[in-house]
Structures are given as C-alpha cells and as structure tokens.
1. Do you know which residues across the range 423-451 are within 17 Å of residue 387 (Cβ to Cβ), open to solvent by 20 Å² or more (accessible area, probe 1.4 Å) and among the aliphatic types (A, V, I, L, M)?
2. Might you let me know whether the range 289-302 holds any residue that is in contact with a strand residue (DSSP E or B) (Cβ under 8 Å, 6 or more places away or on another chain), more than 26 Å from residue 371 (Cβ to Cβ) and either in a loop (DSSP other than H, G, I, E, B) or modelled with pLDDT of 80 or more (or both)?
3. Please find, among 337, 386, 369, the residue that is at pLDDT below 90 and either under 20 Å from residue 454 (Cβ atoms) or among the small types (Gly, Ala, Ser) (or both).
4. Return the residues of the range 510-563 that are open to solvent by 60 Å² or more (accessible area, probe 1.4 Å), in contact with a helix residue (DSSP H, G or I) (Cβ under 8 Å, 6 or more places away or on another chain) and not in a loop (DSSP other than H, G, I, E, B); say none if nothing qualifies.
5. Is it the case that the range 495-502 has a residue that's open to solvent by 10 Å² or more (accessible area, probe 1.4 Å) and more than 35 Å from the chain's Cα centre (by Cα)?
6. Given the structure, is residue 689 within 14 Å of residue 668 (Cα to Cα) and acidic (Asp, Glu)?
7. Could you list, in sequence order, the residues of the range 525-571 that are among the charged types (D, E, K, R) and at pLDDT 80 or above?
8. Any chance you could count how many residues in the range 17-31 are surrounded by 13 or more Cβ atoms within 10 Å (Cβ to Cβ) and either hydroxyl-bearing (Ser, Thr, Tyr) or out of contact with any helix residue (DSSP H, G or I) (no Cβ under 7 Å at 6 or more places or on another chain) (or both)?
Amino acid sequence: MKLKHHLIDPSNRLSSWNHNNSNCCQWPLVVCNNVTAHVLQLHLNTSPPTPEIYEYYEFDDLIFEDEEAYYEAIVAYERSQIGGEINPCLGDLKHLNYLDLSGNYLLGQDWLSSLSKLEYLDLGYTNLSKSFHWLQAVGSLSSLKHLYLRGCRLPLPHYSQPSALNFTSLLTLDMSDTSLFSFVPKWIFGLAKLVSLQLRGNNIQGPIPDGIQNLTLLQNLDLFSNSFSSSIPNGLYSLRHLKFLNLAENNLNGSISNALGNLTSLVGLHLSDNQLEGKLPTSLGILDSIPTWFWGTFSQAIYVNLSHNHIHGTFPAFLKKINPLISLDLGENNFSGNIPTWIGERLLNIKILRLRSNKFSGNLTDEIGVFKNIVRLDFSDNLIGGALPISFEKLSSLKSLHLSENHFRGNPFENLRSLSNLTYLSIYDNLFQGILKEDDLANLMRLKYFMAQGSNLTLKVGPNWHPNFQLNYLDMSSWQLGPNFPSWLLSQNKPKVIDISNTGILDSIPTWFWRTCSQAFYVNLSHNHIFAKLQFLQIRNNSLSGTLPTTLKKNIQLISLDLGENNLTGTIPMWVGERFINLRILGFRSNNFSGHIPNEICGMSHLQVLDLAHNKLSGNIPSWILDSIPTWFWGTFSQASYVNLSHNHIHSKLVTTIRNPLSTKIVDLSTNHLCGKLPYLSRNVKWLDISSNSFSGPMNDFLCNKQFEQFGLNLLNLASNNLSGKIPDCWIKWPNLMDVNLQSNNFVGNLPPSMGSLAILKSCNIRNNSLSGTFPVFLKNNNELISLDLGKNNYSGEIPTWIGERLLNIKILRLRSNKFSGHIPNEIYLFIYSEEDFYMGHKYKSILGLVTNIDLSNNNLSGGIPTEITYLDGLIYLKLSKNQLTGQIPPSAGNMRSLESMDISKNQLSGEIPPTIANLSFLNELDVSYNHLKGQIPTGTQIQSFEASNFVGNNLCGPPLPINCSFNKQISSVKRIRTEDDGHEVNWFFVSMTLGFVVVFCIVVAPLFIYKSWRYVYFYFLDDMLYKMQSYW
C-alpha cells in the first residue's frame, strides 16, 4: 500500500490494491510463491501499442492498417502510464526476482541495491537522471541475469563511471535508445557471460570497439542505427556463438572479410544502410562480389539483408545452397544480369525477396511459381521485361507485390487475378496494355494499395459494379476509365489518395464524389474533360480590389468560396447567403469588408468553415441586431467546424445560454469589442479564442458550468480582457485542455489546485495579473508543460527544486517581475533531457524537452548563477537581470551554443567575463551592465558590435567601451603606488573626470532649465520611448 500511495495511476490498474483485500498475492500484477507467499514478481509495465503491419516489418516499409486508430492508441498509452515516485519500501521485498517497470514515467531508484535476489529487471523509459550511482546499485545485484534499460533517462555522462563491474550472472543487456554516450562504456566488455547485447540508436561514433571480442558467449549483437565509421573489425568474426548480427544504419565501409565464415552459428545478418562494397575473387571466374564461402556460412540462415550498399555482381549462384532462407534483401545495390531460373526451385522457404533498385534484366520464368510461402516480392526499379509468367497465379500467400519501373508487357491481371491475399500492388511505369473487366478484379478482396499509373490499360465495367476491395490508395492515372465518371468509386469508403488524372473522363463530377473523398488528403482529376459547373473557387492571396462582383450569383453550385487575403471592400452582400445555400467553406479573411454580417447567411445550413477575420466588420449594424453577433448565428453554425471573426470591430455582448450554448468546434473572436459575461460552451467546442476584448466579471459560471461533467476544449484564450476575482477551482471538468492563456486580466489569489489535473497541458500563461502566494506545488503534476509564464504577478518564496525534476518538457519558463527569492535551483539542468518514445523499435523523437527560454528577471533571487544552467545547449534566451545574484559568470557559459540573448544586468556579479562567451556564434544581445565585473571584454566579432551601454556600471575595458585596457592598467598601477606613499597627493585623473562632468552638465542639462520649448521636446521624447518599451514588454 505504501508503494501505491506514491504512484499516479491514471487508468486505475492498481484500484484493487486496497485495505479491503489485504492479501497482496491476490492483487493483479503481483505473483507470489505458492508455499511461502513471498512476493516474487511485479508486473507494473505499460506496453505501447503495436501497429498492424505486414509480416517481417523489419525488412518492409511500414504500412499501417488503420493509422488514425494507431495514433489514438499512442495517446491512450501515454495517458495510462504510471507516474510518480517509487517508495523505498519496494526494497523490502527481499525475495523479488522479477521486476518490470517499463513504459512508465517513474522517479527514484534508491531501493535498487536491496533487491539482492533480482534476476530480471526492466526499467525501460523510466527516469534515472538523478540516480548518479545507478550503475553501482545495479552492479551489486549478483543474481541479475536480464537487464533492460531501453529509452531510460540516464545521468549526464560527466559523472564518473567505473571501468569494470561485478556483474557475475548477467546474460542480457539492453541499453538501446538512451542517446547518452558517443562510445561503448568499457565496463560492458567485462560482462563475460553476456549472451545478448543491444546498443541500438545511441549515436555511438568511431570504429566498432575491439573490446566486444571479449564477449565470447555472445549470441545476439545489435548495434543498429549508430554512427560507427570503420570497416567491420576482424575481432568480431571470432564470436563463434553469434546467431544474430545487426550492424545496419551505420557508416561502415570496406569489403566483407573472408573471416565472416568463422561465424558458423549465424542465422541472421543485417548489414543494410552502410557503405560496404567488395569485389569477387578472380579465382571464381565469374563477376560476383560475394565470395563462395559467404553463402556456405549461412546454410542455416533465416534472413540476410545487405540492402543500401555498393555491392555489385550477378545474382549469387551460391544462394541455391541455403534452403532455410526466409528473407533475402539485396535492394539498392549494383547487381546486374538475369535472375536465375533456379531461385524458385532452391529457395523453397523464402517469404521475403527484395531485389529493388538494381540493374537486373531479362525475363521472369515460370519457376517463380514455386514460391508457395512468399509474402513480399519486390522486383521494382530494374530492367526486367517480358510478360508476367503464368505461374504468378500460384503465389497464394503473396500480400505485397512490387513490379514498378521495369519493362514488363502484356496484361498483368491475366496472371494476378487469383491472388486473393494481395494487399499492396505496385505495377506503375511499365509497358502493360490490355482491357480489364470485372472478373479480372473479383478475387482481389484484400487490396488496399493500388499503384498502376503510367500504363496503357483500360477498365471496362458496368455502371452498377461494386468491387470487393476497399482502397486506401488509388493511382490509375493514364488509364482509360472514361468517358463516364467512374461510378464504382462510390463504393470506396475511406480513400486517402485518389489519382485518376488523364483517364479520358468526359463528364461532370457527381456530388457523391466529394463525400467519398472527404477524408482524402490528395485528389487529382487533372487532364480530363470535366465540364461540371463551378463548385470550388479559390482566388486567395492576390491583389483583387473593389466590391464583391455580382456575377458570382450565377454559381449556385459553389461548395467552397475563398477570396481571402485581397483588397476587397464594401459590405458583404445579402445574396451571398441567399444564392450559395450549398456552401461549406466561406473565406473572406484579410480584406477590407465593412458593415454588418448579413442576416441571410443563416440560410447556409451546410456551412462548416466561416472565416471573416481581419476585416472592418462593425459600425452599420442594424438596430434590431443590437450591434452584436445575431442570435441566429450560433444556431446556424452549431454543426460548423470553424468560425473566425477575429480582428474586426464587432461589439456588445455574446448571446448564449445554458440551453443554447456556443457549439462551433473552433471559434476565434479575438481582437474585437465584445463585452459582458463569458459565453456558455457545449462539449463540442475544441478551440475558443476571445482574447483582446472587454469581457468582465468572474469566470465561475463559465468554468464551473454544471450542465456537463466534462468539456472537450483543447485551447482556451481569455487574455487581455477585464476578468476579475479568483480563478475558480473547477479545472477537473476540462481534462483535454492543452493551452490555457489568462494573461493580462485582473485575477487575484493563487492558481487553484485542480489545475494540476490537466494531464496534457502544454502551455500555461497567467502573466500580468495580481496572483500571489508561493509557487503552485500542484504544477509538478503537469509534466507535459512546454511553456509556463507566471510573470508580472506577486508570487514570492523560493523557486522549487522539483521544477527541473518534474517539468522535463519545458522549453519556455518565464517568472519575471515577481518577488521570488532564494537561489536559482541547480536542478534546472534536468531540462536538457528530451522526450523519446519507441514503438516497435521505431523512434519518434521530440525536441520538447530542450528548454529555449528562461526569464527570471526582476525578482529577489540571490546566490550564484548555477553552472548547470550552461548545460542547456538548446537555450536561446536567458534573462536574469534585476536580481541580487552574486559570484562569477560560469566559465562554461560558452557551452550554450544556441544562445541568442543573455541579460544578467543589474545584479552583484563579480570577476571577469568568461572568454568562452566569444564562441557563441548566434549571440545578438548581451547585457552585463551594472554589476561588479572587471577586466577586458572578450574579443569576438559580435561582442564588439554591441552597444557600449550594455557593459557600463562595471570596471571593464576594451571595445565596445571607449576605455583602453592598457591605460586602465596604468591607472591601477598609479593608484597602487600612491597608496604606498603618504596618500595626500592629488589624484588628477578623478579631478579631470569631475571637470568633464561639470562641462557636460552645463552644455546639455542647464539649457533645459532656461528654454521651455527644449524641455517639452526632451520630455516628449522620453515619454514616447517609455511608451514603446512598455508596449514591448
């Protein structure tokens, strides 16, 4: 129960762990000993979703059966991850031998060394960034056999690591995708019993280390996706127990050594995406770059992948000796010659054969029909010709067939018509010709991807034909489909791509077609003779002027009308709503329309997108509309997807009620003159921006609406209004919020605790209010935050250390102009870690964890600038001015390679400016004024171009200051000499400084007292500058 108490369990998987059932052996995810009842296993992992793809995806392009559903599953996975801290009481489970915490977001591993009987440990994707001695703790587990650390956040590499560890039993080590080091740690080479080593995706550089040859029992070596840049070392070939070797996606070069023949146990070889090459030994007498011993070595091989290299020669004759071969990929090389007739006879077990992008020629023979088990066959981008063999119809297991970009002839469907399992068919850019009828496609029931453009084929089917397949991707350009529009497309439910260009269509586009392709992202009907009435008119971003032409009235079939970003003027005419009753998209944004929104628009019941933003709509609104948005407006657009009336002059109140709320999914009414109470929303609204208006009063009725338990809003922008009172504690009703902007209002109090329930909140801006109290502790739960702005409030107390430990995705942190005190927390360096998610071995990297903006200026912070802040190599803006910071500028400040602006002025900093600052090539603003700095300003092209005012108020010298450093040193030496004497001599340097000040005062300031007009000009200038500065901030 103690363990559960510190965990965040959003999916309630641990709900049965309670006092009502005190027998933990009956709890799910817990396995006990049947005799002693000791806890032996804990299965607290959260598994990412697995995409539905073709078999053997590691050699295939990923093809998602339902991509949208898959990414929805990813979101669900992220929301179900267990979070929080692991209680040290976990170390009390002394008999635990299996622990899986992978796929979660957990902190704390102080208990690890107590689990002496642990044999299996999986900490994949957990946060070890503060466990600086994690390696020693794991190394003390003498019984440990399997260790999985894939995707973990490990401490920075500058912390010391031992060269050897007492791993006496370790068999499996997976440290893939940690991106921690650029080398293989030496302690790995001492794991004498290691059977499996996985270091994929770590950007390891240099040659493959010789130390790997010490791992003599190794069976699986995975160095996929690194930056190794040598030839394959001979020492690697001494691992006689090796079964699986994956060196793909590196920069390996040279030829494949004869010593590879020593790996007699090898059953899987993956060397793709390198720079490997080689020549055939002359003693073989034929042109073949792969030596005879190579194929003899792999007599028990399951797969071989040599794609994306520079290997050349004819098709290897020695392949006939490897009957167990399941997958062979020789694609993207320089092989040539004919594909031999024996491949179907000898490679009986082959499931994947990929020979694409070579120079194979000749014709295919009937022996190919022996491939009874083949799933993927890829001959694309070669020089193969002739008709397809009749035996193709025997490939009953075939799912993916690629024959594109060759010289094949004839009618391919005479021999492909029986392939009922075919899902992916690519035959484009060949010399195919012939006529297809309904029967030719009747058995292709599973077909989803059909790419057949660029052939002289004709499809003749009846008007009532409904094919048995449902296509996601269809490209039949340059076929003969006309003259009628192909009615069979009506039967296709969710096509994403439709290309039927240049297909001889002489017809109008039926209305059902747009419903069919409503989810498509690419539709091409070009180079036909389509004569339908105008349905889409888009003349956006031109220089059209004048009023809306009345000739548009004739186009009553219009579905989309977009005249945005022009110079059209006048009012929006009434006939727009009267004539275009079928309109779904109306875009007049960024013109100069004026007047009111015509009432006739209420008749456009199909409208889904209305964009009238950036005009001058206002003013001449009839009195019966009460100078506001009409009441009919929200009823008309209750099913609309998008309404944008921003940047106009619409004023008065929004008319909504609890029973008739605003229901449009995306609403932008920002920068108008709307006033009154905030509108009521329905659950359908996803985006609401009513910033820069005059809404007033509290937001209790808006935020705590009892009509619905939860709302679906993703973005809420109420900035720059006149809202007041405390921010209500009702945020639990808004779990989908990702962006909240309440800046520049009159809110008081502190943020309510329920804001901590916004699990997917990315941006929170409460700047420029009157909030007070200490830093909100519940924000530690908002670990998805990217931007946090609490500036210009009255917060006090210290900045908590957990801000760097828990908000690891932060890019922008602004706390300026508050009353924070204490030190800047050292833990802020943890911001450097980046989020990484891995699904099925594929990495989706995010840069959200690289902080770019820190603004802590104008507070009461003290102490030094943490050295750790210089580890933020993604930092662009650093503002620490107007505090009480002391000490020196960190010497490692030059590590912040992306820095563009640094302001540390008006503090108590001392010492010299570090020379490394001159190395910041992107720096365009540096302000160190009014500190206690001394010495020469570092020499650098950019630094010398800065204003001298950025360095005043110190004891600095050198450009851009007009103070010569050698002269400054001379003055200092004079001062020291005079101190050694009686100290009564006149210091003429300061006398001259005083005289100079008096002269300047008399010339510049004195006339302001004498001439009144000068005073007006001078103070008007100061007032104008102050106004501009306030506008900027």
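The values are calculated or read from the model by the stated rules, or taken from the named source; none is laboratory data. Quick caveat: nothing in here was measured; it's all calculated off a predicted structure. Cβ: placed from backbone, ideal geometry, glycine included. Neighbour counts: every protein chain shown. Ligands, DNA and RNA are excluded from the accessible area calculation, which covers all protein heavy atoms including side chains. Shrake-Rupley method; radii C 1.70, N 1.55, O 1.52, S 1.80 Å.
1. Selection gives 431, 435.
2. Filtering the range 289-302 for residues in contact with a strand residue (DSSP E or B) (Cβ under 8 Å, 6 or more places away or on another chain) gives 289-290, 298, 301-302.
If we keep only those that are more than 26 Å from residue 371 (Cβ to Cβ) as well, we get none.
Checking the range 289-302: not a single residue is in contact with a strand residue (DSSP E or B) (Cβ under 8 Å, 6 or more places away or on another chain), more than 26 Å from residue 371 (Cβ to Cβ) and either in a loop (DSSP other than H, G, I, E, B) or modelled with pLDDT of 80 or more (or both).
3. Working: 337 fails: at pLDDT below 90; 386 fails: at pLDDT below 90.
Result: 369 is the single residue among 337, 386, 369 that is at pLDDT below 90 and either under 20 Å from residue 454 (Cβ atoms) or among the small types (Gly, Ala, Ser) (or both).
4. 550, 553, listed by residue number.
5. Checked against the condition, which is being open to solvent by 10 Å² or more (accessible area, probe 1.4 Å) and more than 35 Å from the chain's Cα centre (by Cα), the range 495-502 yields at least one hit.
6. Details: within 14 Å of residue 668 (Cα to Cα): yes; acidic (Asp, Glu): yes.
Here the answer is yes, as residue 689 does meet what is asked.
7. Going residue by residue through the range 525-571, those that are among the charged types (D, E, K, R) are 533, 540, 553-554, 562, 565.
Within the range 525-571, 540, 562, 565 meet the criteria.
8. Looking only at the range 17-31, we keep the residues that are surrounded by 13 or more Cβ atoms within 10 Å (Cβ to Cβ), and these are 17, 24-25, 27, 29-31.
Next, from what is left, pick out any that are either hydroxyl-bearing (Ser, Thr, Tyr) or out of contact with any helix residue (DSSP H, G or I) (no Cβ under 7 Å at 6 or more places or on another chain) (or both): 24-25, 27, 29, 31.
Residues meeting the conditions: 5.
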